[in-house]
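Worksheet for the structure shown next.
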Amino acid sequence: MQQEVAMPHFLKPSAFPVSRRATLAGMAGGAMLSALPLKAHALPENASFRHSVASGDPDHESVVIWTRITAEGPQEVRWQVARDLDFTDVLQQGTASTGPERDHTVKLLVAGLEPGATYYYRFILGDAVSPIGRARALPAGSLERLSIALVSCSNYAFGYFNAYDAIARDAEVDFVLHTGDYIYEYGHDGWGDDVAQAIGRRHEPAHEIVSLADYRTRHAQYKTDYGSRAMHAAHTLLACWDDHESANNPWKGGAQNHQPDSEGDWEARRAASIQAYFEWMPVREPEWAGGPASRMQFWRSYSFGDLATLNTLETRHTARAEQIDYLEWSTRLTSPEEVARFKAEVLGEEGRAMLAPELEAELDASWRASIAAGQPWRLIGNPMPIAKTDVPDVVGLGIMPDPFAEDAPFEGEALSAAQALGWKGKWNLPFYPDTWDGYPWAREKLYRLSREAGAGDLIFLTGDSHSFWANQLADDAGRPAGIELGTAGVSSPGDFVASGFGDALSRQLDTVFAQHVPEVVWTDNMHQGYVRLDLTREEGTASFITVDTVLTPQYRAAIGQRFTIRRENGALTFG
């Protein structure tokens, strides 16, 4: 006899505490999304399907479904896709083989689906039945609304993935966009381990991951998190990667956090990280219809009826020039003239690329098709911030004590972080040289490409920075280039908080960035959470949803801020 399939909590009407009316009623300023603390709890433990199920990378008639079985040796797994939760109307079924050669993961492309329809799927191994997942194909034709949850930076060591659990409970969400840092590569001697020890979430394996076995183990650990299992079962995933899926700050020829003398060949490590990613994520393989030319060319175009197109970017492995290291310039920039020359000739050097020419060509074609189809919205799944964020003179403005003074109230890592921030502020340098700010030539090229395609009104959906952002974008000539919505980390802490500046100074720094950086409308590095973008034909709504803690599975979800997005004179603005 097969064991009874437990209904996932997101499919139980009584388990989702937030109705559509309650969600829309909560406005900015911390409106609670639930009256009681929520407990991150996903699907029942299942010895054969410890990592649950996932769906992703859809088009209008197909979607990828995924699971991983806990077993030894070669295995045959049955799968079913149904129109109903009870599986009385099974649409498709079959068997799939797996084994140690692909880490016992199972990944299938289910075709022949109806555009926009919702399906349920499960896997069966002997008498064991997986949790039930819910999947959607992309909608086609007339579409009145679309809701996308934006997430990034899920670091197991820093806490529970409560934002994922909140997304699983969010009745508005149609699809989830993850813009990278889905895993982190650090070991027990790396970033976040002090928190991990305190809450019992230390990374596996204990060392920094380098080999294929290492990356597989790390992916497996992340997919045991309760919130992760809930979100993946509840919603279909759209994904791109950033840096930590391989190693911190990679570029096409290496990575900041890769030491060849002790960690071997970079290309071998990168290949291992990409193989594990494609094994453990519900993404299309190159040989499948609609797949990339190669695994490394991991970019996509998703069309949502006559309402929107979303393009995801690959910004790490196929074209990126090496990042500029500020440490090499800390004693060389001593005058405004030298700083201006550094910005123009070093950061702004012509040809310092970010996107592959093939990706740029696909963006151009996608934008032109979107405009021809009359879609009002064009979205970019963007792995790292694109707004210009030159650091204000936080010391000169009296916001931060001079970290170079003998009586500076900073110690240890906080002192180093304060000195770095104070130095960047003194010379009004970009906050992050590894984001688009460190590649202004490439950013202008992208803006020009979008403008020439008639798509100078992009919405960038951004991860990486561990902070919430609402940014009004412009090119170097001051012409509107769209807006940017940045999400805080799922669990990774904001930079100011992580630097040890304390709550008061961290909040002040958020305020001074919004007041003194022209493109920043609002920012918040104090919380973890996600962004929900709701689109209609006339306007959009960006809800910045916070969780009050990641240190325990009990949490409260709230709307920390909300903006209306409108179009005025052909440009996007925040209301």
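The values are calculated or read from the model by the stated rules, or taken from the named source; none is laboratory data. Given the structure is predicted, the values throughout are model-derived calculations rather than measurements. Methodologically, a virtual Cβ is constructed for each residue, glycine included, from the backbone with ideal geometry; neighbour enumeration extends over all protein chains shown. SASA here: full protein model, heavy atoms, side chains in, ligands and nucleic acids out. Shrake-Rupley method; radii C 1.70, N 1.55, O 1.52, S 1.80 Å.
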In this structure, does residue 337 turn out to be outside any helix (DSSP H, G or I), more than 30 Å from residue 308 (Cα to Cα) and open to solvent by 40 Å² or more (accessible area, probe 1.4 Å)?
no
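Residues checked against (1) out of contact with any His (no Cβ under 7 Å at 6 or more places or on another chain); (2) open to solvent by less than 60 Å² (accessible area, probe 1.4 Å); (3) within 22 Å of residue 567 (Cβ to Cβ); (4) not in a loop (DSSP other than H, G, I, E, B):
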position: 359; (1), (2), (3), (4): yes, yes, no, yes
position: 370; (1), (2), (3), (4): yes, yes, yes, yes
position: 375; (1), (2), (3), (4): yes, yes, yes, no
position: 381; (1), (2), (3), (4): yes, yes, yes, yes
position: 387; (1), (2), (3), (4): yes, yes, yes, no
position: 395; (1), (2), (3), (4): yes, yes, no, no
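Condition check ((1) of a type in the set (S, T, N, Q); (2) part of a loop (DSSP other than H, G, I, E, B); (3) open to solvent by 20 Å² or more (accessible area, probe 1.4 Å)) across all residues:
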site	(1), (2), (3)
414	no, no, no
424	no, no, yes
441	no, no, yes
444	no, no, yes
455	no, yes, no
461	no, no, no
469	no, no, no
478	no, yes, yes
Residue 420, sole failed condition from (1) out of contact with any helix residue (DSSP H, G or I) (no Cβ under 8 Å at 6 or more places or on another chain); (2) part of a helix (DSSP H, G or I); (3) open to solvent by 40 Å² or more (accessible area, probe 1.4 Å)
(1)
Can you pull out the residues in segment 140-169 that are part of a loop (DSSP other than H, G, I, E, B) and open to solvent by less than 10 Å² (accessible area, probe 1.4 Å)?
152, 153, 154, 155, 159, 161
Only one of (1) open to solvent by 30 Å² or more (accessible area, probe 1.4 Å); (2) among the hydroxyl-bearing types (Ser, Thr, Tyr); (3) within 24 Å of residue 151 (Cβ to Cβ) does not apply to residue 523, and that is (1)
If we keep just the residues of segment 300-313 that are within 25 Å of residue 141 (Cβ to Cβ) and touching a Cys at 6+ places or on another chain (Cβ under 8 Å), which is least open to solvent (accessible area, probe 1.4 Å)?
312
In segment 82-111, which residue that is open to solvent by less than 60 Å² (accessible area, probe 1.4 Å) and not in a strand (DSSP E or B) is farthest from residue 50 (Cα to Cα)?
111
Might you let me know whether segment 186-199 holds any residue that is under 25 Å from residue 69 (Cβ atoms) and either open to solvent by less than 20 Å² (accessible area, probe 1.4 Å) or not hydroxyl-bearing (Ser, Thr, Tyr) (or both)?
no
Is segment 9-20 home to any residue that is among the hydroxyl-bearing types (Ser, Thr, Tyr), modelled with pLDDT under 95 and surrounded by 15 or more Cβ atoms within 10 Å (Cβ to Cβ)?
no
Every residue from segment 489-507 that is of a type outside the set (A, V, I, L, M, F, W, C) and crowded, with 18+ Cβ neighbours inside 10 Å:
489, 491, 492, 493, 494, 495, 499, 506
Cβ-Cβ distance below 6 Å, separation of 6 or more or different chains: which pairs start in segment 508-525 with a residue that is without any contact (Cβ under 8 Å) to a residue 40 or more places away in the chain and end on one that is open to solvent by 30 Å² or more (accessible area, probe 1.4 Å) and outside any helix (DSSP H, G or I)?
514/522
I'm trying to understand the selection: among the residues of segment 298-333, which are among the hydroxyl-bearing types (Ser, Thr, Tyr) and either at pLDDT 95 or above or more than 14 Å from residue 424 (Cα to Cα) (or both)?
301, 302, 303, 309, 312, 315, 318, 326
Cross-chain or 6+ apart pairs with Cβ under 8 Å, segment 370-389 first and over 21 Å from residue 474 (Cα atoms), then open to solvent by 10 Å² or more (accessible area, probe 1.4 Å) and basic (Lys, Arg):
370/378
Looking only at helices (runs of 4 or more DSSP H) that lie completely in segment 220-286, which have at least 3 residues being open to solvent by 30 Å² or more (accessible area, probe 1.4 Å)?
260-263, 266-280
In segment 395-431, how many residues are over 34 Å from the mean Cα position of the chain (by Cα) and of a type in the set (Asp, Glu)?
3
Give 134, 122 a once-over and let me know the one that is touching a helix residue (DSSP H, G or I) at 6+ places or on another chain (Cβ under 8 Å), touching a residue at least 60 places away in the same chain (Cβ under 8 Å) and part of a strand (DSSP E or B).
134
